[in-house]
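A short worksheet on the structure shown next.
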């Protein structure tokens, strides 16, 4: 017998076998076995084949203790209310007058334009949340698209910084509303507020979401009250002037106003950071995002239209509490809407604490932040270290951060992030097919239009 022929025959029939010790048989192994067979005779062929046939030993699996994970408990209504709460807040209660100073009678158009720009990006977030239901949100989407750690970390830092700065500013805004009823040292009020909100955030996502839902209902009730009360006010402008299409010369003011109004829509992107706490996130999150952005846009436009309907433009532009001015102009006491405004800013701060802590938790899970931030409390199932760090930074900033230009800075940062997220979805659509069949998908032109709208609004601010 020819050993080389026998070795070739065995290697062709048995290409992936191992020795009893677990070592894989290579070309030389087959030759050695064949030589032994040819020298010893056919009686030993079975022994040689058994040597080659023997599979590698299977090592016993090491059982790892189960780690704590976030609790999936949020339904579509709870997630939608959370989203509405992230959007409606200090923006509409404070910025209506500032936007009106730029847009004039076309205040509703400015909010509508900002809502349209936000809606296209919201659709991109909805599809990405369905494709990649992870807590890291925007950072996870950037990483999935380009497989680069640095851009994902940069986006995560920008989003977290925006949320933290906004929460600190909101905490200062709470003190301003509190002064209408009782005067306390500002630093003490901020410390007490942040301590209370941190406890709620650590208590559990169900309790936090319940708190956000209740406060969101109060906020929406406040806006509905403003809408109802303003109908009884003497008109300062006619409806024909308000709903007419702006002339070419007036679009500059509308665009400036929409850039500022965009701040009032920021918040829907925070919803995706709850992806690991939502039941059936691939379906629930896209629906909740669209519900939140639609409800918020309708409420904003109604309030904006009634603001220019009932208040003279100079008074609207100078008012530090425009909704209270609207209610007072209609003959109602502004105390009620002042209390609701405090609820609004408190809600906004709580939402930002939850968002930033979940973002930090999601980054830690992907190795983009220290591992301590991925630890979840076994009872409350909340990321304790991440929540405490975020709350501490917010408190530190809130004690000294000035309020000027916050809305424009925040809008600019988030528009940059939204540009990157829209481009990320374009890249994902080209290179990454959905991993599962039940992914929510939108046409390819949706993220393209979203990117063009965001980059155009940014460019206008630098050229205006």
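The values are calculated or read from the model by the stated rules, or taken from the named source; none is laboratory data. All of these numbers come straight from a predicted model, not from anything done at the bench. Cβ sites come from the backbone with ideal geometry, for glycine too, and all protein chains shown count toward neighbours.
What to note about this one:
- Condition check for residue 154: in a helix (DSSP H, G or I) and farther than 19 Å from residue 259 by Cβ: yes
- Annotation: of all residues in the range 417-464 being assigned to a helix (DSSP H, G or I) and at pLDDT below 80, the one that is surrounded by the most Cβ atoms within 10 Å (Cβ to Cβ) is 461.
- Condition check for residue 359: part of a helix (DSSP H, G or I) and buried (at least 24 other Cβ atoms within 10 Å of the Cβ): yes
- Just one of the numbered conditions (1) more than 18 Å from residue 129 (Cβ to Cβ); (2) assigned to a helix (DSSP H, G or I); (3) in contact (Cβ under 8 Å) with a residue 12 or more places away in the chain is not true of residue 392: (3).
- Flag for residue 166 being surrounded by 23 or more Cβ atoms within 10 Å (Cβ to Cβ), at pLDDT 90 or above and in the same structural domain as residue 141 (by TED's automatic domain parsing): no
- Any hit, the range 136-151, residues being in contact (Cβ under 8 Å) with a residue 40 or more places away in the chain, part of a loop (DSSP other than H, G, I, E, B), in contact with a strand residue (DSSP E or B) (Cβ under 8 Å, 6 or more places away or on another chain) and in the same structural domain as residue 446 (by TED's automatic domain parsing): no
- Residue 414 being surrounded by 16 or more Cβ atoms within 10 Å (Cβ to Cβ) and modelled with pLDDT under 80: no
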